[in-house]
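Visitor: Submitted below is the structure of interest, expressed as structure tokens.
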Amino acid sequence: MTLTTTSGSRAALVAAAVAITAGAVVLAPAAADAATTLGASAAQSGRYFGTAVSAGKLSDSTYVNILNREFDMVTAENEMKMDATEPNPGQFSYGNADRIVNHAVARGMRVRGHALAWHQQQPGWMQSMEGSALRQAMLNHVTQVATHYRGKIYAWDVVNEAFADGSSGARRDSNLQRTGNDWIEAAFRAARAADPGAKLCYNDYNTDDWSHAKTQAVYRMVQDFKARGVPIDCVGLQSHFNAASPVPGNYQTTLQNFADLGVDVQITELDIEGSGSAQADAFGRVTRACLAVTRCTGITVWGIRDTDSWRASGTPLLFDGSGNKKAAYTSVLDALNGGGTTPPDESDGCTVAASVNAWNTGFVATVRVTAGSAAINAWTVTFALPTGTTVTGTWNAERSGDSGTVQWKNTTYNGNVAAGQSVEFGFQGTGSSAGLSPTCVSS
Ligand code: G3I
């Protein structure tokens, strides 16, 4: 049995939403009031603007000048990770991380700690551990590192990237996960005990689209933690975007829904591959989405110049390789100063995601329709089925056709979907389920 996921195309929806919301303009403050750096502009609304920093670049004057001028929060790009801070069991190494923290603290910048527990960038000795010994080593690491930085960290990414990609909504398999499903909450409790003053965050990527199974799974975990009193204060959306993974149409909905659980949300590793006005527009949309959510407390970009990026060829940052401000910079600054239009993608509409259980001659598809930030009254989902594929049954929707382009409309009882909520329908087919890519329109 294979499991395949497809997610809906949003191009038409976004175009429609642009038309609907065009003209919804946020009033800009008088020009004389507009701040001229990212940090100062964000501070006007009580937010921060941060960047990832590499200790090795603190001797680069162009880099440091931009860092000191523009940013009021820093994240160590690699220096606080498990392999850097505990290279040998019980032997801790804080030199490079301390350089970054000291640079920040001396200049009144705050620090996001990244990351206490992660399946990647574990030291070699930890990679080969398992079971209760690994659990104990992980908890000791969390305790020691959080204690070392006690009082100096605004927020810790306590656990990073613990959920699987795709449609499963499951935890990612890892040596840490195999120590037991409660490893995440155990890490949070240890972090709280070590540094009660730090906000404790769960941080992940591909959690920006509200309709994605991974986003839903993280949401349910946070909801569960809040219900059971597990100490969690914030959710970090890494927000690494490119053409294959653009800023989703429901991004603000995702931020708001997490915030509504009673946690802060932070955009923790923002970068958007591209150039020119398209890139600038995307950065502006992300910034305005954060500003529109009261508990979105700040944005961190994952590096300063394009050449500093982990994916430099995608030129995904706000400064070019020479340290010049890009159009993307101006777009973010303008947005922080209250300029521009509200996000065009956050009004009406629906998104759709399908998970498929397939066998050699057929499949069952479970299809989830999610409303955007406004309630919808009716929806239509369209699939272009592969040649030779035939639909043999449908539940919880009304179908038109059984092969080629097939549409499913809501039934009498599931057309009304509240903002941000979902309904599901399903169908069974014979033949291939390869490459299914549904789209959704609503009214
Ligand atoms: O410093 C060594 C250098 O001495 C050596 O010659 C070279 C050879 O490969 O490696 C250098 O270390 C690299 C390090 O970046 C510094 O450049 C590592 O190999 C490389 O694995 C490491 O990549 C980092 C990556 O996390 C590791 O997973 C990236 O810099 C860092 O930007 C990236 O950040 C992650 C976040 O932590 C979590 N979210 C995703 C994000 C992007 O992948």
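Visitor: Given the criteria open to solvent by 10 Å² or more (accessible area, probe 1.4 Å), more than 16 Å from the ligand (Cβ to nearest atom) and touching a helix residue (DSSP H, G or I) at 6+ places or on another chain (Cβ under 9 Å), does Arg220 qualify? Show your work before the answer.
Guide: On the way: open to solvent by 10 Å² or more (accessible area, probe 1.4 Å): yes; more than 16 Å from the ligand (Cβ to nearest atom): yes; touching a helix residue (DSSP H, G or I) at 6+ places or on another chain (Cβ under 9 Å): no.
Here the answer is no, as Arg220 does not meet what is asked.
Visitor: Right, here's the next one. In the list Ser167, Ser132, which residue meets the criterion of being open to solvent by 10 Å² or more (accessible area, probe 1.4 Å), over 20 Å from Pro231 (Cβ atoms), modelled with pLDDT under 95 and not hydrophobic (A, V, I, L, M, F, W, C)? Talk me through it step by step, then tell me what you get.
Guide: Numbers: Ser132 fails: modelled with pLDDT under 95.
Going through Ser167, Ser132 in turn, just one is open to solvent by 10 Å² or more (accessible area, probe 1.4 Å), over 20 Å from Pro231 (Cβ atoms), modelled with pLDDT under 95 and not hydrophobic (A, V, I, L, M, F, W, C): Ser167.
Visitor: Follow-up. Looking at the range 374-395, which of its residues are surrounded by fewer than 17 Cβ atoms within 10 Å (Cβ to Cβ) and in a strand (DSSP E or B)?
Guide: Listed by number, the residues that qualify are Ala384, Thr390, Thr392, Gly393, Trp395.
Visitor: So, one more: Suppose we keep only residues that are of a type in the set (Gly, Ala, Ser), surrounded by fewer than 22 Cβ atoms within 10 Å (Cβ to Cβ) and farther than 30 Å from Ser432 by Cβ within the range 333-361. Which one would you say is modelled with the lowest pLDDT? Working first, answer last.
Guide: The initial filter retains those residues of the range 333-361 that are of a type in the set (Gly, Ala, Ser), namely 335, 338-340, 347, 349, 353-355, 358.
Those still in the list that are surrounded by fewer than 22 Cβ atoms within 10 Å (Cβ to Cβ) too: 338-340, 347, 355, 358.
Now drop any that are not farther than 30 Å from Ser432 by Cβ, which leaves 338-340, 347.
Working: Gly338: 93, Gly339: 73, Gly340: 64, Ser347: 43.
Only one residue fits best here, namely Ser347.
Visitor: Going by the structure shown, is Ala84 at pLDDT 95 or above, within 21 Å of Leu317 (Cβ to Cβ) and within 13 Å of the ligand (Cβ to nearest atom)? Give the steps one after another, and end with the answer.
Guide: Details: at pLDDT 95 or above: yes; within 21 Å of Leu317 (Cβ to Cβ): no; within 13 Å of the ligand (Cβ to nearest atom): yes.
So Ala84 does not fit the description; no.
Visitor: Step by step: first the residues of the range 108-129, then only those that are within 14 Å of the ligand (Cβ to nearest atom) and touching a helix residue (DSSP H, G or I) at 6+ places or on another chain (Cβ under 7 Å), then the one that is farthest from Leu237 (Cα to Cα). Which residue is that? Steps first, please.
Guide: Restricting attention to the range 108-129, the residues satisfying the condition of being within 14 Å of the ligand (Cβ to nearest atom) are 112-124, 127.
Now restrict to residues that are touching a helix residue (DSSP H, G or I) at 6+ places or on another chain (Cβ under 7 Å): 116-118, 121-123.
Working: Leu116: 16, Ala117: 16, Trp118: 15, Gln121: 19, Gln122: 22, Pro123: 25 Å.
Among those residues, the one meeting the criterion is Pro123.
Visitor: What tally of residues in the range 407-423 results from selecting those that are assigned to a strand (DSSP E or B), of a type in the set (A, V, I, L, M) and either within 28 Å of Thr361 (Cα to Cα) or open to solvent by 10 Å² or more (accessible area, probe 1.4 Å) (or both)?
Guide: So in the range 407-423, the residues assigned to a strand (DSSP E or B) come out as 407-409, 417, 422-423.
Now drop any that are not of a type in the set (A, V, I, L, M), which leaves 417, 423.
Then drop every residue that is not either within 28 Å of Thr361 (Cα to Cα) or open to solvent by 10 Å² or more (accessible area, probe 1.4 Å) (or both), which leaves 423.
Count: 1.
Visitor: If I ask for residues that are within 15 Å of Ala354 (Cα to Cα), part of a strand (DSSP E or B) and open to solvent by 30 Å² or more (accessible area, probe 1.4 Å), which ones from the range 424-440 would you list? Write out each step before concluding.
Guide: To start, the set of residues in the range 424-440 that are within 15 Å of Ala354 (Cα to Cα) comprises 424-429, 432-440.
Then keep just the ones that are part of a strand (DSSP E or B); that gives 424-429, 439-440.
Across the range 424-440, the qualifying residues are Glu424, Gln428, Thr439.
Visitor: Name every residue in the range 236-246 that is within 16 Å of the ligand (Cβ to nearest atom), out of contact with any strand residue (DSSP E or B) (no Cβ under 9 Å at 6 or more places or on another chain) and assigned to a loop (DSSP other than H, G, I, E, B), in order of residue number. Walk me through it before giving the result.
Guide: We begin by selecting, within the range 236-246, every residue within 16 Å of the ligand (Cβ to nearest atom); these are 236-242, 244-245.
From what is left, the residues that are out of contact with any strand residue (DSSP E or B) (no Cβ under 9 Å at 6 or more places or on another chain) are 244-245.
If the condition is that a residue be within 16 Å of the ligand (Cβ to nearest atom), out of contact with any strand residue (DSSP E or B) (no Cβ under 9 Å at 6 or more places or on another chain) and assigned to a loop (DSSP other than H, G, I, E, B), then Ala244 is the only one that fits.
Visitor: Ok, one more. If the requirement is being open to solvent by 40 Å² or more (accessible area, probe 1.4 Å) and under 25 Å from Glu161 (Cβ atoms), which of these qualifies: Trp302, Trp310?
Guide: On the way: Trp302 fails: open to solvent by 40 Å² or more (accessible area, probe 1.4 Å).
Trp310 is the lone residue from the list that is open to solvent by 40 Å² or more (accessible area, probe 1.4 Å) and under 25 Å from Glu161 (Cβ atoms).
Visitor: Applying the selection to the range 362-373, what residues are open to solvent by less than 20 Å² (accessible area, probe 1.4 Å) and under 25 Å from Gln216 (Cβ atoms)? Before the answer, list the steps.
Guide: At the first step, the residues of the range 362-373 found to be open to solvent by less than 20 Å² (accessible area, probe 1.4 Å) are 362-363, 365, 367, 369-372.
Scanning the range 362-373 gives Phe363, Ala365, Val367, Val369, Thr370, Ala371, Gly372.
Visitor: Additional query: From (1) over 24 Å from Arg69 (Cβ atoms); (2) within 13 Å of the ligand (Cβ to nearest atom); (3) open to solvent by less than 40 Å² (accessible area, probe 1.4 Å), pick out the condition that doesn't hold for Lys214.
Guide: Here Lys214 clears every test but (2).
Visitor: Go through the range 177-207 and report how many residues are part of a loop (DSSP other than H, G, I, E, B), open to solvent by 10 Å² or more (accessible area, probe 1.4 Å) and either farther than 24 Å from Glu130 by Cβ or within 16 Å of the ligand (Cβ to nearest atom) (or both).
Guide: Step one: filter the range 177-207 for residues part of a loop (DSSP other than H, G, I, E, B), giving 180-182, 195-198, 205-207.
From what is left, the residues that are open to solvent by 10 Å² or more (accessible area, probe 1.4 Å) are 180-182, 196-197, 205-206.
From the residues that got through so far, the ones that are either farther than 24 Å from Glu130 by Cβ or within 16 Å of the ligand (Cβ to nearest atom) (or both) too are 196-197, 205-206.
Residues meeting the conditions: 4.
The values are calculated or read from the model by the stated rules, or taken from the named source; none is laboratory data. The structure displayed is predicted, hence computed values, not measured ones. Every residue, glycine among them, receives a Cβ derived from its backbone with ideal geometry; neighbour counts consider all protein chains shown. To get the accessible areas, we keep the full protein, side chains included, count just its heavy atoms, and leave off ligands, DNA and RNA. Shrake-Rupley method; radii C 1.70, N 1.55, O 1.52, S 1.80 Å.
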